[in-house]
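The values are calculated or read from the model by the stated rules, or taken from the named source; none is laboratory data. As the structure is a computational prediction, the values presented were derived from the model and not from experiment. Methodologically, a virtual Cβ is constructed for each residue, glycine included, from the backbone with ideal geometry; neighbour enumeration extends over all protein chains shown.
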Amino acid sequence: MHVVSVVSTKGGVGKTTVAANLGGLLADAGLRVLLLDLDSQPTLSSYYSLSQKAHAGAYELIALNLTIPERIISRTAVVGLDLIFSNDDQGRLSTLMLHAPDGRLRLHNLLNELCLNYDLLLIDTQGARSVLLEMAILASDLALSPITPEMLAAREMRRGTLKLLSELEPFRHLGIDPPPLRLLLNQVNVNRVDTRMIIRSLRETFAEATNISVLDTVIPDRVAYINAASLGLPVHRIDTRPSSKRRRSQSALEIMQALAIELFPEWREAISSVMRCAEPR
């Protein structure tokens, strides 16, 4: 099972949108996906309607070590896409984990009991540094960080997310390696000169890095992603038109497929098959 945390120490970069749409696409590809919402502002928890709602959620999982699927895992309206919803609106988990002996390792230690029947656990996190963010990263085998192509966002990524990962390096002595980081350019307006300059600078900065890379896939600033969230649907279901000579920009389906294949090349065949499933009726 893959464990991917969607992380950033800056809010507003599109973590929840990326997590919801990536999870939705992979579920439509026939994979079993579990979303875990660790944000105290639970946007991911309300993105999809639920066909079956559990009585408990992330608070009971983390605070009480509750791993009984029937009690903490809800079913979304997307077949194959399940959810552990956020129910920590007062932010109690951060305080609890800060003082718990195994706080930063709690989720890592629970994974074997939690996710035996899933291909992917996708964790949405809060847009600020916290012990919960550190816990999510240490439980993951990959960290995915959306970044908007703005100078302030790039600076915050360097002094926030990258600094955080470097400070988790001592956990290697406990046999827990901080995951590689993949930077995803998100909400991109490719027609702006400063945007192209920042993208080029980011790619050059990390060209030789061993544990950090900028993904080739770029997610544009497009109204389809807003519309999909309003409808509670994965974006690939509402924007399926393939690119052509007349329509040069890629559809959301093509973009999300490219992202999923870049992250999980071993699932290429299943991901590519979503094209047939997503054709408009």
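If I go through the stretch 202-240 residue by residue, how many of them are without any contact (Cβ under 8 Å) to a residue 24 or more places away in the chain, among the hydrophobic types (A, V, I, L, M, F, W, C) and surrounded by 14 or more Cβ atoms within 10 Å (Cβ to Cβ)?
Narrowing the stretch 202-240 to residues without any contact (Cβ under 8 Å) to a residue 24 or more places away in the chain: 203-210, 223, 226-227, 230-231, 238-239.
This time we only want the ones that are among the hydrophobic types (A, V, I, L, M, F, W, C), so: 206-207, 209, 223, 226, 231, 238.
Add one more test, that the residue is surrounded by 14 or more Cβ atoms within 10 Å (Cβ to Cβ), and what stays is 206, 238.
Number satisfying all stated conditions: 2.
Considering T67, T161, T95, the condition of being hydroxyl-bearing (S, T, Y) and either touching a strand residue (DSSP E or B) at 6+ places or on another chain (Cβ under 6 Å) or surrounded by 19 or more Cβ atoms within 10 Å (Cβ to Cβ) (or both) is satisfied by T161 alone.
Per the listing I137, I176, the residue uniquely touching a strand residue (DSSP E or B) at 6+ places or on another chain (Cβ under 8 Å), among the β-branched types (V, I, T) and closer than 26 Å to D119 by Cα is I137.
Restricting attention to the stretch 24-58, which residues are in contact with a Lys or Arg (Cβ under 7 Å, 6 or more places away or on another chain), surrounded by fewer than 15 Cβ atoms within 10 Å (Cβ to Cβ) and not polar (S, T, N, Q)?
Within the stretch 24-58, the subset in contact with a Lys or Arg (Cβ under 7 Å, 6 or more places away or on another chain) is 50-52, 54-56.
After this cut, where a residue has to be surrounded by fewer than 15 Cβ atoms within 10 Å (Cβ to Cβ) as well, the list is 51-52, 55.
Matches in the stretch 24-58: H55 only.
The set of residues in the stretch 244-273 that are of a type in the set (K, R) and either modelled with pLDDT under 95 or in contact with a Pro (Cβ under 6 Å, 6 or more places away or on another chain) (or both) comprises K245, R246, R247, R248.
For S166, the conditions (1) buried (at least 21 other Cβ atoms within 10 Å of the Cβ); (2) of a type in the set (S, T, N, Q); (3) modelled with pLDDT of 90 or more all hold with the exception of (1). Would you tally the residues in the stretch 175-201 being part of a helix (DSSP H, G or I), surrounded by fewer than 18 Cβ atoms within 10 Å (Cβ to Cβ) and not hydroxyl-bearing (S, T, Y)? Result for the stretch 175-201: 5.
Quick one: which residue in L122, L110 is at pLDDT 95 or above and either within 24 Å of L50 (Cα to Cα) or assigned to a helix (DSSP H, G or I) (or both)? Working first, answer last.
Numbers: L110 fails: at pLDDT 95 or above.
The conditions single out L122.
Would it be correct to say that L61 is touching a Leu at 6+ places or on another chain (Cβ under 9 Å), under 26 Å from H236 (Cα atoms), surrounded by 24 or more Cβ atoms within 10 Å (Cβ to Cβ) and at pLDDT 95 or above? Step through it out loud before you land on a result.
On the way: touching a Leu at 6+ places or on another chain (Cβ under 9 Å): yes; under 26 Å from H236 (Cα atoms): no; surrounded by 24 or more Cβ atoms within 10 Å (Cβ to Cβ): yes; at pLDDT 95 or above: yes.
Judged against the criteria, L61 is not a match.
Name the pairs: first residue in the stretch 126-142 and closer than 14 Å to D37 by Cα, second residue among the basic types (K, R) and part of a loop (DSSP other than H, G, I, E, B), Cβ to Cβ under 8 Å, at least 6 apart or on different chains? These pairs meet every condition: G127/K10. When the residues of the stretch 162-201 are filtered to those that are among the polar types (S, T, N, Q) and without any contact (Cβ under 8 Å) to a residue 60 or more places away in the chain, which remaining residue is nearest to L132 (Cα to Cα)? So the residue we want is S166.
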